[in-house]
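I have placed the structure first, in the form of C-alpha cells, so that the comments after it can refer back to it.
Derivation of every value follows stated rules applied to the coordinates shown; laboratory data play no part. Just so you know, these numbers come straight off a predicted model, no measurement behind them. Backbone-built Cβ (ideal geometry, glycine too); neighbour counts: all protein chains shown.
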Amino acid sequence: MNFKETYENKKVFLTGHTGFKGCWLLGWLHMLGAHVKGYALAPQPEHQLYQHIRGDEHCDSEFGDIMQYDQLEKSLLDFQPDFVFHLAAQAIVRQSYQDPVGTFSINSIGTAHVLNAIRKLEKPCIAVLITTDKVYYNYEWPYPYRETDRLGGYDPYSASKACAELVIDSFRNSFFNRHAYPDHQKSVAVARAGNVIGGGDWAKDRIIPDIIRSLQAGESIPVRNPRAVRPWQHVLEPLGAYLLLGAKQLEDPVKYASEYNFGPLTPDCWQVEDMVKQAIQTWGGGNYHVPDNTGMPHEAGLLKLDVSKAERDLHWKPRFSASEAIDKTISWYKSFDGSNAWELIRQDIHAFTASVQP
C-alpha cells in the first residue's frame, strides 16, 4: 500500500510524539507529507531522540499532559485532525510498580481523555489507539494470544493497559458505535504490539538501552530475566502496521474499527538471553551476567502473539526475523555519532518501505 496517497496533506494528531516510538512515527509521517500536530510531555533527559532528530522541524509540537484534559481537548479541536494516533503512555513495567496510581491514570484515564476529545470533533476522524501485547491475562502458556482472549494484567502496567482497552470498548459502543457510523463518522481501532526495539531508545529499564549503555561503557550487561520469552520486533514493523491500519480504516471505517495484534511469527519469539547474545555478536564483543533477582517485582516469563487476524484482514505480515531486527537495532547504535539520528531513521524507513512495496 502506498501510504503517501493516504497521509499526504492530511492532518495527523500524534500523542506521545517525543517518545521513542513517537519519534520514529513522527519522522515517517513527515516523510509522507502529513501535517502533524504532536502532543506530549517535554522530552525527558532519558528520551533524547526527539532533540536528536530535530523534532520541532517535523511537526507543530505542543508540550502538554494528557491528564490536563482542557488543554488536550483545545489542542485537538483547534487542529481538527483527519487521523489520531494515540501513543502517549507510561510504558515501563518496573516503573509501574513505583508509581501504580500514575500508571493507571495516564494509561486508562488518559486514553479516555483522548477519546472524549475525539467525540467533540464535528468531522470524520480515524483513530488508532496503541495499547500493548501485555493486555492479555498471561497464563504463561506456549500458545500465542488471540484478540478474543481474556484481558488482564499482573503488574500495574499490564493491568492499566487492559483497563485502557475497556475504556476504548466502552467509548466505541457508547459514542462511536459501528452501526451508527453515518451519525458520528468516527472509526476507532486498537493496535496491540510490544517488545519493540530500534535505534534511539535510551529509556531506563528496557533491555536494548541497558545493553547499549553497558557495551559503550565496556561493562557486563545485566540480564534480569534471561529465560523470559518475548515477541521481539523492529520498531518499523508495528509503526508500518499502525499506518496500514489507519489507511484501511479510511477505506472502510466500520469493518476495520477493531483490535489487531502486531508481532513476529512464533519462531521469532526469543528468550532474552538469546537476544543479548545476538546483540553482543553484532556489536563485536561484550559479556553479560544475571544479577540476583531476589525481591525484584514480577515480570512475565512467556508471551507470544497470534497475528493471523492482521494477516487475514489487513494482509499484514512481519518483514524482519528476530535476528534481523536485533542486527538492525545494534547497527543503528554503532552508526550513531550524536548528530546523525535523523539521517539514520530516514535511511531505515526508506529501506523498509522499499522492501514492502509490491
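Give me the residue from the stretch 51-93 that is touching a residue at least 40 places away in the same chain (Cβ under 8 Å), part of a loop (DSSP other than H, G, I, E, B) and not aliphatic (A, V, I, L, M) and, out of that set, surrounded by the fewest Cβ atoms within 10 Å (Cβ to Cβ).
Restricting to residues being touching a residue at least 40 places away in the same chain (Cβ under 8 Å), part of a loop (DSSP other than H, G, I, E, B) and not aliphatic (A, V, I, L, M), the top hit is ARG54.
Got at least one residue in the stretch 25-40 being closer than 23 Å to VAL167 by Cβ, touching a Phe, Trp or Tyr at 6+ places or on another chain (Cβ under 6 Å) and without any contact (Cβ under 8 Å) to a residue 60 or more places away in the chain? Steps first, answer last, please.
Residues of the stretch 25-40 that are closer than 23 Å to VAL167 by Cβ, as a first pass: 25, 37-40.
So of that shortlist, the ones also touching a Phe, Trp or Tyr at 6+ places or on another chain (Cβ under 6 Å) come out as 37.
Okay, now just the ones that are also without any contact (Cβ under 8 Å) to a residue 60 or more places away in the chain, so 37.
Scanning the stretch 25-40, I find at least one residue that is closer than 23 Å to VAL167 by Cβ, touching a Phe, Trp or Tyr at 6+ places or on another chain (Cβ under 6 Å) and without any contact (Cβ under 8 Å) to a residue 60 or more places away in the chain, so the answer is yes.
Picking from ASP205, ASP201, which residue would you name as being in a loop (DSSP other than H, G, I, E, B), surrounded by 21 or more Cβ atoms within 10 Å (Cβ to Cβ) and among the charged types (D, E, K, R)?
Details: ASP205 fails: surrounded by 21 or more Cβ atoms within 10 Å (Cβ to Cβ).
On inspection, the qualifying residue turns out to be ASP201.
Would you point out which residue out of LYS123, LYS134, LYS186 is charged (D, E, K, R), farther than 23 Å from THR266 by Cα and crowded, with 22+ Cβ neighbours inside 10 Å?
Details: LYS123 fails: crowded, with 22+ Cβ neighbours inside 10 Å; LYS134 fails: farther than 23 Å from THR266 by Cα.
Going through LYS123, LYS134, LYS186 in turn, the sole match is LYS186.
Condition check: more than 21 Å from GLU147 (Cα to Cα) and β-branched (Val, Ile, Thr). Does ILE168 satisfy that?
Working: more than 21 Å from GLU147 (Cα to Cα): no; β-branched (Val, Ile, Thr): yes.
No, not satisfied.
So, in the stretch 303-351, of the ones that are out of contact with any strand residue (DSSP E or B) (no Cβ under 9 Å at 6 or more places or on another chain) and assigned to a loop (DSSP other than H, G, I, E, B), which residue ends up nearest to VAL135 (Cα to Cα)?
So, considering only residues that are out of contact with any strand residue (DSSP E or B) (no Cβ under 9 Å at 6 or more places or on another chain) and assigned to a loop (DSSP other than H, G, I, E, B), the one nearest to VAL135 (Cα to Cα) is LYS317.
Within the stretch 120-150, track down each residue that is closer than 30 Å to PRO182 by Cβ, out of contact with any Lys or Arg (no Cβ under 6 Å at 6 or more places or on another chain) and either without any contact (Cβ under 8 Å) to a residue 40 or more places away in the chain or assigned to a strand (DSSP E or B) (or both). Even if it seems obvious, please write down each step before you answer.
The initial filter retains those residues of the stretch 120-150 that are closer than 30 Å to PRO182 by Cβ, namely 120-131, 147-148.
Among the residues that remain, those that are also out of contact with any Lys or Arg (no Cβ under 6 Å at 6 or more places or on another chain) are: 120-124, 126-130, 148.
Within the stretch 120-150, GLU122, ILE126, ALA127, VAL128, LEU129, ILE130, THR148 qualify.
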